[in-house]
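Heads up: the structure comes next, in structure tokens.
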Amino acid sequence: MLMQKSAGNDVLLDVRDLETHFVGDESTTRALGGISFQVKKGETLGVVGESGCGKSVTALSILRLLPKMNARTVGGEVRFHGRDLLELSDREMRQIRGDQIAMIFQEPMTSLNPVYTVGRQIAEAVQIHTKASRSVAMAKAQEMLRLVRIADPERRVNNYPHEMSGGMRQRAMIAMALACSPELLIADEPTTALDVTIQAQILRLIADLKERTGTAVMFITHDLGVVAETCQRVIVMYAGSIVEQANVIDLFARPAHPYTQGLMRSVPDQRRGRQRRLPEIPGIVPSLREPIVGCSFAPRCPFAIDICREKTPILRDVGSSHAAACWRAEEVMGA
Amino acid sequence: MNGPLLKVENLTKHYPLGTGFLKKTIPVIRAVEDVSFSVEAGETLCIVGESGCGKSTVARLLMRLVEPTGGRVLIDGTDIAGLKKDALHAWRRRMQMVFQDPYSSLNPRLTAGQIITEPVENFERLSRRQRQALAADLLRKVGMSPEMMHRLPSELSGGQRQRLGIARALALNPSLIIADEAVSALDVSVQAQILNLLLDLQQQMGIAFVFISHDLSVVEHIGHRVAVMYLGRIVELATCEALFARPVHPYTEALIAAAPVPDPTRVRLVAPVEGEVPSPINPPRGCAFHPRCPLAVDRCRIEVPPLVPMADGRVVACHVRAPATDIPSQPAEVGDHSLAHVLSLMIRS
Ligand SMILES: Nc1ncnc2c1ncn2[C@@H]1O[C@H](COP(=O)(O)OP(=O)(O)OP(=O)(O)O)[C@@H](O)[C@H]1O
Ligand SMILES: Nc1ncnc2c1ncn2[C@@H]1O[C@H](COP(=O)(O)OP(=O)(O)O)[C@@H](O)[C@H]1O
Ligand code: SF4
Ligand code: SF4
Ligand SMILES: [Mg+2]
Ligand SMILES: [Mg+2]
């Protein structure tokens with residue numbers, strides 16, 4: 001069973017019942033409704049789902065980077081090397097971020113500072129976590145830029161972020177994230193803003209670096225094509241919950257949750273014919289401001305029956321290392 | 001009707017970059033360079049290419065939102081540049097636009113009903129009853145309930161807002177809709193709903209589309225023909241079947257190879273094309289793709305390849321794959337130069 005057993009040796013990050021809310025004047029958004037999953041050493045775990053389902057909030061909750069103003073992680077544990085990250089002091093957490101766990105974002109400018117050169121920023125990341133001298137750190141920065149295949153790194157270390165293209169900035173951010181050889185890299189839509197040929201380059205780069213360093217990657221994306229190409233295991237999220245979890249081959253071959261199935265079928269695919277109407281998922285995602293009774297997908301689900309509207313399905317095994325939160329998963333897999 | 005609905009001839013748009021000291025030396029952004037294509041009634045012509053290649057500029061030129069530096073746009077054989085006010089109004093009714101961002105392209109203070117009937121009210125006065133009837137009709141056409149006419153854009157989902165954008169475009173019964181990245185900001189399940197809507201509208205009303213997108217899977221799904229742009233120019237124009245089954249231009253090939261496919265059992269054979277799209281301010285000499293092209297020969301660095309018709313009806317601008325001769329080239333010859341083949345040689349050596 002994937003969920004409740006104690007973490008084995010190959011588990012790097014163990015997230016249990018993580019629950020995050022955003023409190024507003026009039027209402028509370030239940031962005032994460034208590035999710036549990038694990039990231040294993042050296043693996044690439046994909047997190048997919050449509051906008052607003054809680055992918056970024058998951059990443060930010062783990063790293064404790066949510067806005068303090070209105071965000072509250074109200075429950076759960078994030079176990080990393082035996083410690084619960086949610087219990088650490090801010091100082092201890094800063095030590096872990098960027099050293100053992102690094103993050104890259106969709107928009108590189110959220111982590112690159114526009115007023116310093118790229119080289120200086122990477123060098124600082126190196127210095128924070130090693131006792132390297134300034135010049136050693138700068139040399140390392142240059143080496144990192146070469147590693148992420150930025151041409152002419154001797155010159156580029158002295159570039160400011162705005163002097164680089166979007167693809168180069170994304171590479172520079174990856175260089176900064178990897179400068180301290182983290183054990184876990186959390187990548188939140190790292191290629192979504194890029195052109196497809198540049199995306200292909202960055203995906204290749206992440207895969208190569210991962211192979212070389214053994215870093216585990218939590219890869220957040222809404223793009224099923226990107227998931228298929230980069231991930232070994234996948235979590236599918238819907239309305240703040242994990243609805244399915246499987247290795248990538250099983251997930252695409254036999255999706256066990258109607259939402260996963262609907263998502264896959266709504267992607268245009270020429271093997272199913274051009275200019276045909278695509279299968280739609282009717283309706284829209286539920287509001288997370290009101291409590292949801294029963295299965296959150298029920299109003300849109302072609303499989304829904306009475307029990308779905310009354311009792312919330314929990315994530316349960318439907319195959320070896322394949323779990324789904326659906327009362328009718330077995331029938332869905334056969335459909 | 002004979003002749004195409006829309007014909008674009010040698011369309012060019014240069015944006016001046018600031019003001020130069022001497023007039024002659026003002027640098028320009030070559031946003032669109034010598035672009036020609038046509039669209040038949042009821043057809044979907046797609047334009048694909050990476051960011052900055054000139055897709056939206058073509059759309060703006062078609063809508064006459066910007067003036068071309070050169071070239072012509074003809075609707076039913078009439079040059080729109082020469083049109084006087086009344087005639088201009090008349091063709092504007094025939095051609096409408098749907099934008100990428102359903103958030104910023106809708107006036108947040110108007111209700112859904114007001115938004116979609118506005119184009120009609122620019123031409124004629126409507127009574128309250130007429131307006132409501134029109135709004136209800138348009139909402140139904142885009143799969144929304146007429147009760148939604150009283151809602152503000154902020155009270156609608158992203159998909160519903162994009163439906164409103166389409167309903168507004170439909171208000172004047174256009175023959176042609178220009179959709180610039182109309183589904184790019186949407187989640188796949190919502191994207192499927194909107195693509196279905198566009199297919200339905202085409203079938204029911206015979207509307208033609210110029211469908212601009214950077215997403216190849218969407219283009220392949222919805223298009224009849226597709227033009228691939230690179231740095232302001234069309235480098236290949238073919239039917240969707242032909243283009244995706246057998247891309248001829250090395251850039252088309254690279255683009256298709258780079259698109260992720262939702263099939264984890266597929267093994268990516270070719271390494272992604274290297275380098276980035278160069279600046280349109282100072283594009284490379286000759287073929288703009290040459291710095292990234294594994295097939296480039298000396299000639300590519302000097303001469304701009306012309307668009308050459310091939311035996312299967314497509315046009316391709318490439319010195320190696322579509323050498324200019326009097327006889328149309330056979331795309332079958334491509335095999336020898338295929339990018340996969342060349343790259344496999346490069347990897348082995
Ligand atoms: N008003 C303008 N003034 C100056 N340059 C412009 C203007 N509009 C567009 N450009 C430039 O012209 C080129 C083509 O831009 P365009 O918006 O047509 O690209 P696009 O293909 O639509 O890209 P995207 O996929 O990012 O939407 C770009 O280099 C752009 O910076
Ligand atoms: N800073 C914030 N303040 C309030 N609500 C937020 C904030 N960030 C995210 N949310 C809400 O949390 C939910 C999940 O968002 P997010 O994790 O960003 O989705 P995505 O899966 O697209 O990354 C959404 O309902 C979103 O509106
Ligand atoms: S539990 Fe019921 S409503 Fe929910 S996904 Fe399964 S079948 Fe559909
Ligand atoms: S003209 Fe030359 S550089 Fe351009 S695409 Fe063809 S082979 Fe490549
Ligand atoms: Mg997000
Ligand atoms: Mg554009």
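The values are calculated or read from the model by the stated rules, or taken from the named source; none is laboratory data. Just so you know, these numbers come straight off a predicted model, no measurement behind them. Cβ atoms come from the backbone with ideal geometry, glycine included; neighbour counts cover every protein chain shown.
For this structure, a couple of remarks:
- Residues satisfying the stated conditions in the stretch A:93-119, i.e. in a loop (DSSP other than H, G, I, E, B) and over 19 Å from residue A:184 (Cβ atoms): A:107, A:112, A:113, A:114, A:115, A:116, A:117
- When every residue of the stretch B:299-309 is checked against the conditions, none turns out to be buried (at least 16 other Cβ atoms within 10 Å of the Cβ), modelled with pLDDT of 95 or more and among the charged types (D, E, K, R).
Quick grid of which residues meet (1) within 15 Å of ligand 2 (Cβ to nearest atom); (2) over 26 Å from residue A:226 (Cβ atoms); (3) modelled with pLDDT of 95 or more; (4) of a type in the set (A, V, I, L, M):
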| site | (1), (2), (3), (4) |
| --- | --- |
| A:13 | no, no, yes, yes |
| A:18 | yes, no, yes, yes |
| A:29 | yes, yes, no, no |
| A:57 | yes, no, yes, yes |
| A:60 | yes, no, yes, yes |
| A:78 | no, no, yes, yes |
| A:85 | no, yes, yes, yes |
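- So residue B:155, is it within 14 Å of chain A (Cβ to nearest Cβ), out of contact with any helix residue (DSSP H, G or I) (no Cβ under 8 Å at 6 or more places or on another chain) and farther than 30 Å from residue A:225 by Cα: yes
- Leading residue by the ranking (nearest to ligand 1 (Cβ to nearest atom)) among those in the stretch A:49-77 that are in contact (Cβ under 8 Å) with a residue 40 or more places away in the chain and in a loop (DSSP other than H, G, I, E, B): A:51
- Of all the listed residues (A:276, A:254), the sole one being modelled with pLDDT under 95 and among the charged types (D, E, K, R) is A:276.
- Boolean, residue A:252 is within 16 Å of ligand 3 (Cβ to nearest atom) and aromatic (Phe, Trp, Tyr): no
- Cross-chain or 6+ apart pairs with Cβ under 7 Å, the stretch A:284-312 first and within 14 Å of chain B (Cβ to nearest Cβ) and closer than 16 Å to residue A:261 by Cβ, then within 12 Å of ligand 3 (Cβ to nearest atom) and of a type in the set (Ser, Thr, Tyr): A:297/A:238; A:297/A:259
- Every condition in (1) within 25 Å of residue B:13 (Cβ to Cβ); (2) facing another protein chain (nearest Cβ under 10 Å) holds for residue B:270 except the one numbered (1).
- Looking only at the stretch A:319-335, and only at residues there that are over 17 Å from residue A:35 (Cβ atoms) and within 11 Å of ligand 3 (Cβ to nearest atom), the one that is surrounded by the most Cβ atoms within 10 Å (Cβ to Cβ): A:329
- Given (1) surrounded by fewer than 22 Cβ atoms within 10 Å (Cβ to Cβ); (2) in a strand (DSSP E or B), number of the condition residue A:208 does not satisfy: (2)
- Pairs meeting the criteria (first residue in the stretch B:176-187 and more than 11 Å from every other protein chain (Cβ to nearest Cβ) and at positive phi, second residue within 12 Å of ligand 6 (Cβ to nearest atom) and among the aliphatic types (A, V, I, L, M), beta carbons under 8 Å, at least 6 apart or on different chains) are B:181/B:212.
- Of everything in the stretch A:249-264 that is over 19 Å from the mean Cα position of the chain (by Cα) and in contact (Cβ under 8 Å) with a residue 12 or more places away in the chain, the residue that is nearest to residue B:266 (Cα to Cα) is A:250.
- Test result for residue A:88, out of contact with any Gly (no Cβ under 7 Å at 6 or more places or on another chain), more than 18 Å from residue A:289 (Cβ to Cβ) and surrounded by fewer than 21 Cβ atoms within 10 Å (Cβ to Cβ): yes
- Counting the residues of the stretch A:285-299 that are buried (at least 16 other Cβ atoms within 10 Å of the Cβ) and assigned to a loop (DSSP other than H, G, I, E, B) gives 8.
- Test: residue in the stretch A:181-194 that is in a helix (DSSP H, G or I) and touching a residue at least 12 places away in the same chain (Cβ under 8 Å): no
- Given (1) more than 8 Å from chain A (Cβ to nearest Cβ); (2) touching a Cys at 6+ places or on another chain (Cβ under 7 Å), index of the condition residue B:220 fails: (1)
- Exactly one residue among B:134, B:138, B:164 is assigned to a helix (DSSP H, G or I) and more than 29 Å from residue B:188 (Cα to Cα), and that residue is B:134.
- For the stretch B:134-179, the set of residues classified as in contact with a Phe, Trp or Tyr (Cβ under 7 Å, 6 or more places away or on another chain) and either modelled with pLDDT under 90 or under 26 Å from residue A:285 (Cβ atoms) (or both) consists of B:161, B:165, B:179, listed by residue number.
- Leading residue by the ranking (nearest to ligand 6 (Cβ to nearest atom)) among those in the stretch B:42-54 that are of a type outside the set (Val, Ile, Thr) and at pLDDT 95 or above: B:46
- Within the stretch B:49-71, the residues that satisfy the criterion of being of a type outside the set (Val, Ile, Thr) and not in a loop (DSSP other than H, G, I, E, B) are B:55, B:56, B:59, B:60, B:61, B:62, B:70, B:71.
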